[in-house]
Amino acid sequence: MKKCPFCAEDIPEESKVCKFCSSTVVRKCPFCAEEIVANATSCRFCRSAIPAAGAPASSPVPSGPLGAERGVVMSIVLTFLTCGIYGWVWLYKIGDELNSHQGMGRLKPGVDILLILVTCGLWGIYVMYKYPRALQEITQDEKAPVVDLTVPCLILTIFGLQIVSLAILQSELNKHWEAHHAQGT
């Protein structure tokens with residue numbers, strides 16, 4: 001048995017709603033999506049500070065850690081100098097940073113790279129739709145100006161210009177990180 005955080009009555013451990021006061025006693029952490037107590041101020045799993053459940057919609061949406069601002073030209077040069085190997089590292093880093101910033105873990109950059117290799121690059125077409133789409137969702141959630149890169153990245157990748165798609169995506173990510181730094185978040 002556990003206690004309802006609202007009425008202090010004993011309720012079964014697996015309860016999601018208190019049978020005495022009808023309050024929802026659990027919710028998902030906005031950062032790691034684990035189930036936490038409804039009135040928790042921090043997540044016991046990822047240790048993130050949790051905004052109040054009734055926070056006004058105008059309050060800024062919390063975001064996870066910021067990624068690194070990378071020079072697009074340098075990344076392209078490194079990809080060419082390493083015969084494409086840095087391109088895999090670059091793609092992995094972008095996916096990992098999007099994941100940690102979003103706080104959801106929806107993207108699996110390691111699996112995506114493996115599937116790109118196994119499918120002789122065909123999975124890369126989907127990846128260059130999925131990653132720009134994730135950035136678009138993040139900017140929408142943060143109520144920031146949204147730039148839709150899914151179609152240009154997808155078309156460039158279909159025509160074999162994945163490095164250009166990565167450069168465009170990295171450029172937009174750099175702008176996103178700069179905006180966060182300017183806001184002080």
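The values are calculated or read from the model by the stated rules, or taken from the named source; none is laboratory data. Being a predicted model, the structure only gives us computed values, none of them experimental. Ideal geometry is used to build each Cβ from the backbone, glycine not excepted, and the neighbour counts take in all protein chains shown. Just so you know, the surface numbers come from the protein's heavy atoms only, side chains and all, with ligands and any DNA or RNA stripped out. Shrake-Rupley method; radii C 1.70, N 1.55, O 1.52, S 1.80 Å.
Mean sequence separation of contacting Cα pairs (under 8 Å, at least six apart), scaled by the length of the chain, corresponds to a relative contact order of 15 percent. Angle of helix 162-183 to the longest C-alpha principal axis of the chain, folded into 0 to 90 degrees and rounded to 10: 50°. Projecting the Cα positions of VAL127, ALA40, ALA167 onto the charge dipole of the chain (unit charges on Cβ atoms of Lys, Arg, Asp and Glu, taken about the Cα centre) puts ALA40 furthest along the positive direction. Taking 20 Å as the straight-line reach from the Cα of LYS108, the lysines in range (excluding those fewer than 8 positions away in the same chain) are LYS93, LYS130.
How far, in nm, would the chain grow between LEU114 and ARG44 when pulled straight, counting 0.36 nm per residue and subtracting the alpha carbon separation?
On the way: separation 70, 0.36 × 70 = 25.20 nm, distance 3.23 nm.
Extra length from LEU114 to ARG44 when fully extended: 22.0 nm.
Rounded, prolate or oblate: pick one for segment 112-157, where a ≥ b ≥ c are the square roots of the eigenvalues of its C-alpha gyration tensor, a/c under 1.5 means rounded, and failing that, prolate if a/b is larger than b/c, else oblate. Oblate, because a/c is 1.5 or more while a/b does not exceed b/c. Exposure check, 1.4 Å probe, all protein chains in place: PHE80 carries approximately 140 Å² of accessible surface. Structure remark: mean-square fluctuation, Gaussian network model of the chain, C-alpha springs under 10 Å; the largest value among GLU14, GLU97, GLU172 belongs to GLU14.
No disulfide-compatible partner, judged by a Cβ distance under 4.7 Å, exists for the following cysteines of the chain: CYS83, CYS120, CYS153.
Give the relative contact order (percent, whole number) for segment 1-40; include only Cα pairs under 8 Å separated by 6+ residues. Let's see the in-between values first.
Working: 54 pairs, mean separation 11.5, N = 40.
Relative contact order of segment 1-40: 29 percent.
Comparing mean-square fluctuations of LYS19, LYS108, LYS175 from a GNM of the chain with C-alpha springs under 10 Å, the top value falls on LYS19.
Would you mind working out the magnitude of the charge dipole of the chain relative to its Cα centre, with +1 at each Lys and Arg C-beta and -1 at each Asp and Glu C-beta, to the nearest 20 Debye? Let's see the in-between values first.
Working: 16 positive and 16 negative charges, 39 e Å.
For the chain, the charge dipole is close to 180 debye.
Build a GNM of the chain with springs between Cα atoms under 10 Å apart, and of GLY95, GLY160, GLY67 the one that fluctuates most is GLY160.
Taking all Cα pairs closer than 8 Å and separated by 6 or more residues, the relative contact order of segment 87-185 comes to 20 percent.
Put a dot 7 Å past the Cα of GLU13, heading toward its Cβ, do the same for LEU122, and the two dots end up 4.7 nm apart.
Using 0.36 nm per residue, how much length does the chain from ARG106 to CYS83 gain when fully extended, once their Cα-Cα distance is taken away? Intermediate results must be reported in sequence, preceding the final value.
Working: separation 23, 0.36 × 23 = 8.28 nm, distance 2.91 nm.
Computed gain between ARG106 and CYS83 is 5.4 nm.
Placing +1 at every Lys and Arg Cβ and -1 at every Asp and Glu Cβ, with all other atoms neutral, what dipole size does segment 10-51 have around its Cα centre, in debye to the nearest 20?
Numbers: 6 positive and 5 negative charges, 37 e Å.
Computed charge dipole of segment 10-51: roughly 180 debye.
Each residue of segment 150-157 is assigned a 3J(HN,Hα), and the resulting list reads 4, 5, x, 5, 5, 5, 4, 5 Hz, derived from the Karplus form 6.51 cos²θ - 1.76 cosθ + 1.60 (θ = phi - 60°), x at Gly and Pro.
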